[in-house]
Amino acid sequence: MATIADDLRPLHHPKTWIGKYVWSQDHKVIALQYASTAIGVGLVALVLSFMMRLQLGFPGRFHFIQPENYLQFVTLHGMIMVVYLLTALLLGGFGNYLIPLMVGARDMVFPFVNMLSYWFYLLSVIVLLSSIFVPGGPTGGGWTLYPPQTITGGTPGSNWGIILMMVSLAIFIVAFTMGGLNYVTTVLQARTKGMTLMRMPCSVWGIFVASIMGLLAFPALFVAAVMTILDAVAGTSFFVPQIVSMGKPTEHVGGSPILYQHLFWFFGHPEVYIVALPAFGIVSDLISVHARKNIFGYRMMAWAIIIIGALSFFVWAHHMYVSGMNPYFGFFFATSTLIIAIPTAIKVYNWLLTLWRGDIHLRVPMLFAIAFLFTFIHGGLSGLFLGNVSVDVPLSDTFFVVGHFHMVMGVSPILVIFGAIYHWYPKITGRMWNETLARAHFWITFLGAYAIFLPMHYIGILGVPRRYYALGETAFIPPSVHYANMGITIAAGLVFAAQFLFFTNMIWSYFRGPKADPNPWGGASLEWQTPDTPPTHGNWGAKLPTVYRWAYDYSVPGAPQDFIPQSEPPGAAGSRAPA
Amino acid sequence: MSLLHALAEKPWLTPGVAGDAPQRAEAPWDRGIGVGLFLVVVTMIFALVTMAYLMRMGHGVPAGSQGSDWRTLREPPLLWINTGILAASSLAFLLAERSARHGDGTATRSGMIAGGLLGFAFLGGQFLLWQKLSDWGYVLLFSAGLCKVGDPLFTFPFPQTILGNPALAFFYLISVLHGLHIAGGLVAWALTARHVFAEAPGAATARMVQLCARYWHFLLLVWALMMGLFVST
């Protein structure tokens, strides 16, 4: 047991391999556990999406993909990507790794709870994947899991599949709550001396606000999951009305499917921003560091994150326009949806203005950051169509929607995640990755993503519905749709294959990559100033750092270097005096 | 420094050690913020269940109208007795909190024991309450016809006439969720009680007892609101 000089808490350094890497309470190890599990389950979802593409591109050629399988792939792919990959990786992975390092703490405030959070998350993944092996298979009700169809005969997985999905989500929410409490309390309580709120890097702002949002939004999914389970096994009628299923009336009476939709989307829309805000924060830091320029409008960027987070709780019903609602409600939700575009647009302008006349280094993390700007602006603009009731109704449930949300909350955060992994990999592993492989990975992924999702907008505008196993001999669908579908599938295959370049690079570089400089990009934020690379348990050695400035002192006139670390006092060589 | 003032800082203008951050990131951490945030999460759960209750009540044929599936439950006297027990538990924690603040170890321990035992009593009372409702025929139907799982666990032969009453379903749902919340409170109580019995009275003990008491007052508040919902609808 060693007592660190300026920290009253005794640090218990684990002595065994299991203590260090399995039952670890070190935020960095937990981050890697979260990240590896999330990426692992994400790969499953990626395989599922490629199976869907095989069916859509070449209908009927692959006999192992039956209609019920297709629906199960759609459902699992969507839920895994949104919840078990993106949420877990951005908050559990990057949140865990970055928050203590960026705010100058030794660890999370509740390390034991943090460890529990990961193991509950792993349990939720195991329960989810176990649904593949139960009678009837996983649920095929679509990722929104709307009752009554999800629990009614005829829908794949309407017996065990939906129950396991809902149980898994409930466990995930318990895991997230434990993690989220840690992220928020660590930011509020464990910032080092001098680290004011407005000196925090944008990455921490994004993760911090997203964690608060998660704590407020996930309870809605929890409630919906518990009530659906009760409808499925206990005979209650929370959501299921009196219906005839497979020719026979069910025992349900009076339930409200719309009630489920409200609960689901009260979680579901903030969830978009729970994923997006950490990505916004991280991409701000990538752009600033690699453009060697302070982030433009830092205060506006932090405020916009808070405002977006708050507004996102008032837009959920724009997912329910076709469910029918009072026109005044439709007007309200369309208006609030469009208002949220204002702080979002401020962020986009600020990213572009940060790039403007910057000393741009087109390294791989920066390439991914710029690619994000393309896909996010693209996805945001197509969102304007869907945010308006009258335009949304004809486009609803078409491939236009698939193209839109994959651009805005699929591809965009994934590009940021790749950029972030390349950016912080040298700090996490102490090694550098291979430049050629990384660039090949970027270009195939970026261009491939466009080749996949841009044609979907065209297909959608023609009226092609999503979630259909086969289109058949439909009169309004021209041959170009079939060619587009084939092209999309080929592009998807290439992008899928390109991810192996990434994994090869990461694994090979971990063992054989050249030793990395502790601060290879010249970053000013605290995580680049650790005494050890990779940082050891406790992060800061004997003494916690003191913060004297914000995280964006780049290219300061008169400074000998083009960055000044946050921990460098004013008056020291290279720093500037107060204005 | 207020939050708004902190958010208005122009960090690029003010190099130097700033004032609003904690002096240093010290442990052990005060758990107040963590407990408070957790209670916010629990508040969200019960608020959303309440919204669902009200929406479901007004769905289709409004409750009370002919043809409505919403049938108001009779309230067994045990419901009020249990509520009284929970209030007494909260009172005991209040006394423990005050005693801890004044450094009175014996009174703190007594209050903690009384509060915890009353918590267990409330949970036991809730089990009796569910038993009572069951005896009255207010049971959920674990239906073989509905659930295709095919497991004997889900095939209890309960009368189907009970099946469709959402008021009953919500009562069970809310009381079970609250019961889980109580169970969590008992874990917090056990951890706090261990500390109270092992350590001499002091500021740390007083803070732990205070947070434990806060949790139990919150439990009482939630239950009172849920009771109000049941009784008034």
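The values are calculated or read from the model by the stated rules, or taken from the named source; none is laboratory data. In this text the structure is predicted, and so the values were computed from the model without any measurement. Cβ: placed from backbone, ideal geometry, glycine included. Neighbour counts: every protein chain shown. Just so you know, the surface numbers come from the protein's heavy atoms only, side chains and all, with ligands and any DNA or RNA stripped out. Shrake-Rupley method; radii C 1.70, N 1.55, O 1.52, S 1.80 Å.
Report the number of Lys pairs in the protein assembly as shown whose alpha-carbons are under 26 Å apart, with separation of 8 or more residues or on distinct chains.
23
Roughly how many nanometres apart are two label points built 7 Å out from the Cα toward the Cβ at A:Val322 and B:Leu186?
Going from the A:Val322 label point to the B:Leu186 one covers 4.8 nm.
Add -39500 (n - 2.57) for each DSSP H run of 4 or more in the protein assembly as shown, then divide by its residues: what number comes out at 222 nm, to the nearest 500 deg cm²/dmol?
Only helices count here, giving -20500 deg cm²/dmol.
Set the Förster radius R0 to 51 Å, insert the Cβ-Cβ distance between B:Ala47 and A:Trp17 as r into 1/(1 + (r/R0)^6), and round the FRET efficiency to 0.05. If you can, show how the numbers build up before the last one.
Working: r = 45 Å, r/R0 = 0.89.
The pair B:Ala47/A:Trp17 has a calculated efficiency of 0.65.
Taking all protein chains as present, what is the carbon and sulfur share of the accessible area of the protein assembly as shown, in % to the nearest whole number, probe 1.4 Å? Display every interim value, and only then the final one.
On the way: 22170 of 31490 Å².
Summing carbon and sulfur atoms, their accessible area is 70 percent of the total for the protein assembly as shown.
Helix A:202-233: angle to the longest alpha-carbon principal axis of chain A, degrees 0 to 90, nearest 10?
Approximately 30 degrees, to the nearest ten.
Order A:His290, B:His217, most accessible first, counting only protein heavy atoms with a 1.4 angstrom probe. Could you put the intermediate results ahead of the total?
Values: A:His290 0, B:His217 60 Å².
From most accessible down to least: B:His217, A:His290.
At a Förster distance of 45 Å, what's the computed FRET efficiency of A:Ala470 paired with A:Ile342, Cβ-Cβ distance as r, to 0.05? Don't jump to the answer; show the numbers that get you there.
Numbers: r = 42 Å, r/R0 = 0.94.
So, using R0 = 45 Å, E works out to roughly 0.60.
Counting each pair of different Cα atoms once, what's the Kirkwood radius of segment B:176-227 in Å, rounded to one decimal?
Numbers: mean 1/r = 0.0855 Å⁻¹.
By the Kirkwood definition, the hydrodynamic radius is 11.7 Å.
Over all directions, average the projected area of the Cα convex hull of segment A:386-426 and note it in nm².
Details: hull surface 12.2 nm².
Dividing the Cα hull surface by four gives the mean projection, 3.1 nm².
Once you keep just the Cα pairs under 8 angstrom separated by 6 or more residues, what percentage relative contact order results for chain A? Can you show the working numbers first?
On the way: 996 pairs, mean separation 89.2, N = 579.
Across chain A, relative contact order equals 15 percent.
Under a crude label model (7 Å from the Cα following the beta-carbon direction), how far is B:Asp104 from B:Leu117 in nanometres?
If labels sit at B:Asp104 and B:Leu117, their model points lie 1.8 nm apart.
B:His102 accessible area, nearest 10 Å², 1.4 Å probe?
150
Using the Kirkwood radius built from alpha carbon pairs, what does the Stokes-Einstein equation give as D for segment A:428-488 at 4 °C and 1.567 mPa s, in µm² per second?
Values: Rh = 14.2 Å.
Here the translational diffusion coefficient equals 91 µm²/s.
By how many nm would the segment from A:Glu435 to A:Ser480 lengthen if fully extended, with 0.36 nm per residue of separation less the alpha-carbon distance?
Details: separation 45, 0.36 × 45 = 16.20 nm, distance 3.82 nm.
Once the chain is fully extended between A:Glu435 and A:Ser480, it gains 12.4 nm.
Could you estimate the translational diffusion coefficient of segment A:1-132 from the Stokes-Einstein equation, with Rh from the Kirkwood formula over C-alpha pairs, at 4 °C and 1.567 mPa s, in whole µm²/s?
On the way: Rh = 16.8 Å.
After rounding, the answer is 77 µm²/s.
Using a 1.4 angstrom probe on the protein heavy atoms only, could you order B:His5, A:His27 from most to least accessible area? Don't jump to the answer; show the numbers that get you there.
Working: B:His5 115, A:His27 0 Å².
Sorted by accessible area, descending: B:His5, A:His27.
Report, please, the projected area of chain A averaged over directions, based on the convex hull of its C-alpha atoms, in nm².
Details: hull surface 109.7 nm².
The orientation-averaged projected area of the Cα hull of chain A comes to 27.4 nm².
If you bin the C-alpha pair distances of segment A:402-522 every 5 Å from 0, what whole percents do you get?
Spelled out bin by bin, segment A:402-522 gives 2, 10, 17, 18, 14, 11, 9, 7, 5, 4, 2, 1, 0 percent.
Based on the Cβ-Cβ distance from A:Tyr510 to A:Trp443, what FRET efficiency comes out when R0 is 25 Å, to the nearest 0.05? Kindly include the intermediate steps, with their values, before the conclusion.
Values: r = 23 Å, r/R0 = 0.92.
The value I calculate is 0.60.
If you line up the long axis of helix A:298-311 against the longest principal axis of chain A, both from Cα atoms, how many degrees apart are they, to the nearest 10?
For helix A:298-311, the angle is close to 30 degrees.
What is the helix-to-structure angle for A:479-512, meaning the angle in degrees between its Cα long axis and the longest Cα principal axis of chain A, kept from 0 to 90 and rounded to the nearest 10?
Once rounded, one gets 30 degrees.
Excluding ligands, DNA and RNA, what is the accessible area buried between chains B and A, summed over both sides, using a 1.4 Å probe, to the nearest 100 Å²?
Numbers: alone 13990 and 23210 Å², together 31490 Å².
Summing both sides, the interface buries roughly 5700 Å².
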